[in-house]
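Have a look at the structure below, then the notes.
Only the coordinates and a few stated rules stand behind these numbers; no lab work does. Quick caveat, the model's predicted, so the values are computed rather than measured. Cβ placement follows ideal geometry from the backbone for every residue including glycine, while neighbour counts extend to all protein chains displayed.
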Amino acid sequence: MRRNYWIVALAIGMLILAVSCAQPPAPTAAPTQAPAPTQAPAATKAPEPTTAALSPVEAAMAAVKDLKGAEREAKLLEGAKKEGAFQLYTTINTTDAQPLIDAFNKKYPGVNAKFYRASSGDMFTKVVNEFRGGQFLWDALDISPEYVYALSQEGMFLPWDSPVRNELPEALRDPKGIWTSMYLNDNVITWNTKLVKPEDAPKKYEDLLDPKWKGKLSLDTEDYPWAYYILQTMGKDKGTDFLTKLAAQKPQMIKGRTNQTNLLISGEVSVAAALYDYMEIQQQQKGAPIEFAYVEPVRLENEPIMLSKNAKHPYAALLFMDWFVSKEGQTTMVQITNRIPVRTDVATKSERQAAVLKGKYFLTPPEELGKNLKDMQQMFDKIFGLTR
């Protein structure tokens, strides 16, 4: 019995010793600071952007970014034919816009360009409402310069970069690429030669204040940029006084210069204060009884075109914009419309227009007009008694 006791005790002791030997050693203390690496790891290079990450308009621009001349034109035409359509929103009067679109379609069959026309004020309201409502119906837009700033604040444009665009004078293209001038307009005083004798014709704006013109004048209901020009050239006090006295002449406030020209030709008004010369040149060529005079510094207005960031037909839009400001496009525009070209290598159709460009003129950037638009409208409406 005693011998069995010692055998059991010896077995228990050996078991305890085996368990204690199997336990892992106590962990050593961690170092307070990791050793510095012998070489910095190589920087991870960000992946190059792919066309899949771009919008359709951005992808189209990227596809022709490094192309020029015939190669760029061919690439744009290839894409435009696949799109099969192009929509221009324009303020160009229909009688001029249609032959311009026809000329483009003739040069590029298969693109199927179309246009929608409205006055600048109506166009502004339309494009803002469409954009805010998620309707993206146009590919390129032209509108009077005073509206460009407000529209750009909506975020509806993308910068347009093109070798052809870069051939234009810097004053006629936005350095940020948002707007680019398509053509120039200039204001003239115009009169009906059957109703106004040559010696009585107004040759400067102050002549419009003569009592004999009371009730026989016309002015556009959206002529705030012209009024702004008056303030800038005459000075605020003298300009405001002139506009107030002009309002006292009870001019017929008519929406649209085409409408004014028609009323002038028919004799319903004798004098129009601020029409565009290209329209009056067109009518003179048709034998209309009208004449006009420039007032220095002549107010020039650049008509800008912009690219929609949501264009459904971006290749066609880029093709049209390239064509319109090219030498061929500007020559076509001058022949059809009599407007002043934006290229120095394209001549005006009229010698009188050429003389304007060599003389004193006043050209206000779209940003300046846009930032002052609300004040201009309020002042103009108050002076001429308009409600909107």
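Estimate the FRET efficiency between Ala70 and Ala293 by the formula 1/(1 + (r/R0)^6), using the beta-carbon distance for r and 51 Å for R0, to the nearest 0.05. My answer for the efficiency is 0.70. In the structure shown, the pairs Lys236/Lys309; Lys194/Lys214; Lys126/Lys371 are assessed against 28 Å; a Cα-Cα span above that value is assigned to Lys236/Lys309. The C-alpha atoms of the chain define a longest principal axis, and helix 327-337 lies at about 40 degrees to it. Short-range pairs are left out: with C-alpha atoms under 8 Å and at least six residues apart, the relative contact order of the chain is 24 percent. For segment 203-345, averaging the sequence separation of C-alpha pairs within contact (under 8 Å, six or more residues apart) and dividing by the residue count gives a relative contact order of 24 percent.
Rounded to the nearest 10 degrees, the inclination of helix 224-234 to the longest alpha-carbon principal axis of the chain is 70 degrees. Candidate values (1) 1.43; (2) 0.98; (3) 0.96 were compared with Rg/Rh (Cα atoms, Kirkwood Rh) computed on the shown model; the agreeing label is (1). The charge dipole of the chain, taken about the Cα centre with unit charges on the Cβ atoms of Lys, Arg (+1) and Asp, Glu (-1), comes to about 1040 debye, rounded to the nearest 20.
Distance between the modelled labels on Glu328 and Asp241, one decimal in nanometres: 5.6 nm (7 Å Cα→Cβ projection). Relative to the longest principal axis of the Cα atoms of the chain, helix 94-107 runs at roughly 50 degrees. Taking a straight Cα-Cα cut-off under 18 Å and skipping sequence neighbours fewer than 8 places away in the same chain, the aspartates and glutamates within cross-link reach of Lys65 are Glu48, Glu73, Glu78, Asp161, Glu167, Asp322. With a threshold of 21 Å on the Cα-Cα distance, the over-threshold entries among Lys114/Lys176; Lys216/Lys255; Lys212/Lys382 are Lys114/Lys176; Lys212/Lys382.
Of interest is the spacing of the C-alpha centroids, which for segment 135-212 and segment 219-240 amounts to 15 Å.
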